[in-house]
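Peer 1: Here it is, the structure in full.
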Amino acid sequence: MPVRGWLFFSLSYPSPLVNFVLFNAHSVIRQADGTLFDITPSRASQPYPFIRAEENDEDFLRFVLATDKYEGAKKLQFHWQTGVVKVVS
């Protein structure tokens, strides 16, 4: 079963004043035992955390596509303690 969410990238540059994060829409597979498995081949220099989205598939897709018809989502809110990204209006 697919699980929708975000890959979390913490990006920094030579200057300590220029740090930011990037959330990239991503899906993984939930196996029968409940563990998550990423089937996407990757040559990344490090593993990046996957953060589960709370929205249903339809709302998640609407947010990712950011169509003119969907005006409910204005920004993402990341809850560090729970590791959950929520779409907030």
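The values are calculated or read from the model by the stated rules, or taken from the named source; none is laboratory data. This structure is a prediction, so every number in the text was calculated from the model and none was measured. Methodologically, a virtual Cβ is constructed for each residue, glycine included, from the backbone with ideal geometry; neighbour enumeration extends over all protein chains shown.
Peer 1: Report, ordered by the first and then the second residue, all pairs with beta carbons closer than 9 Å, sequence separation of six or more or different chains, a first member in the range 39-55 that is over 12 Å from Phe9 (Cα atoms), and a second member that is of a type in the set (Gly, Ala, Ser) and part of a loop (DSSP other than H, G, I, E, B).
Peer 2: Here the result reads Arg52/Gly83; Glu55/Ala73, each pair linking the range 39-55 to a residue that is of a type in the set (Gly, Ala, Ser) and part of a loop (DSSP other than H, G, I, E, B).
Peer 1: So, in the range 8-38, of the ones that are under 26 Å from Leu61 (Cβ atoms), among the small types (Gly, Ala, Ser) and surrounded by 10 or more Cβ atoms within 10 Å (Cβ to Cβ), which residue ends up modelled with the lowest pLDDT?
Peer 2: Step one: of the range 8-38, the residues under 26 Å from Leu61 (Cβ atoms) are 8-11, 20-32, 34-38.
Next, from what is left, pick out any that are among the small types (Gly, Ala, Ser): 10, 25, 27, 32, 34.
Going one step further and asking which of them are surrounded by 10 or more Cβ atoms within 10 Å (Cβ to Cβ), we end up with 10, 25, 27.
Values: Ser10: 78, Ala25: 86, Ser27: 91.
By that ranking, first place goes to Ser10.
Peer 1: Pro41 - would you say it is in a loop (DSSP other than H, G, I, E, B) and modelled with pLDDT under 85? Working first, answer last.
Peer 2: Working: in a loop (DSSP other than H, G, I, E, B): yes; modelled with pLDDT under 85: no.
Spelling it out, it is not the case that Pro41 is in a loop (DSSP other than H, G, I, E, B) and modelled with pLDDT under 85.
Peer 1: Also, I was wondering about something else. Restricting to the range 18-36, name every residue that is more than 12 Å from Arg4 (Cα to Cα) and of a type outside the set (S, T, N, Q).
Peer 2: So in the range 18-36, the residues more than 12 Å from Arg4 (Cα to Cα) come out as 18-23, 31-35.
The answer is Val18, Phe20, Val21, Leu22, Phe23, Ala32, Asp33, Gly34.
Peer 1: From the residues in the range 45-62 that are in a loop (DSSP other than H, G, I, E, B) and of a type in the set (Asp, Glu), which one is surrounded by the most Cβ atoms within 10 Å (Cβ to Cβ)?
Peer 2: Here the residue is Glu55.
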